[in-house]
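The values are calculated or read from the model by the stated rules, or taken from the named source; none is laboratory data. On a predicted model such as this, the values are computed, not experimentally measured, just so you know. We place every Cβ from the backbone using ideal geometry, glycine too, and count neighbours over all the protein chains shown.
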Amino acid sequence: MTKKLIRFDWAVKKLLRNKANFVVLEGFLSELLFDDIKIQRILESESNQETDEDKYNRVDILTQNSKTG
C-alpha cells in the first residue's frame, strides 16, 4: 500500500483559488509567524499546472499584519 503525499505549494494553490479559503491560510500564517495575518489580495501567480509531477508554482500575496495596521 503506497501513501499519497500532497505538496505544500500545490495545496496552497488549490486553497487560494477560492477567496473563502483565505481564512485557512491566514490562520496557518498567523500561527507560524506569531502575528495576526490578513490576506488582502492575490497579486500575481505563475503556473496553472494540475498534476502531481508539476515542479513549480509561485503566488505573490498582499497581506496585512498587526504592525501594518
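Taking the conditions exactly as written (in a strand (DSSP E or B) and either modelled with pLDDT of 85 or more or surrounded by 10 or more Cβ atoms within 10 Å (Cβ to Cβ) (or both)), does Val24 satisfy them or not?
no
Residues are listed down the side, and each one gets a yes or a no for (1) in a helix (DSSP H, G or I); (2) among the basic types (Lys, Arg); (3) surrounded by 11 or more Cβ atoms within 10 Å (Cβ to Cβ); (4) at pLDDT below 80:
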residue: Lys3; (1), (2), (3), (4): no, yes, no, no
residue: Trp10; (1), (2), (3), (4): yes, no, yes, yes
residue: Glu31; (1), (2), (3), (4): yes, no, no, no
residue: Asp52; (1), (2), (3), (4): no, no, no, yes
residue: Tyr56; (1), (2), (3), (4): no, no, no, yes
residue: Thr63; (1), (2), (3), (4): no, no, yes, no
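How do the pairs read when you match residues in the stretch 6-33 that are among the β-branched types (Val, Ile, Thr) with residues anywhere that are part of a helix (DSSP H, G or I), using Cβ under 6 Å and keeping only pairs 6 or more apart or on different chains?
From residues that are among the β-branched types (Val, Ile, Thr), the pairs are Val24/Leu15.
Can you name the residue in the stretch 38-50 that is within 22 Å of Ile6 (Cβ to Cβ) and surrounded by 14 or more Cβ atoms within 10 Å (Cβ to Cβ) and, of all such residues, is modelled with the lowest pLDDT?
Residue satisfying both the conditions and the ranking: Ser45.
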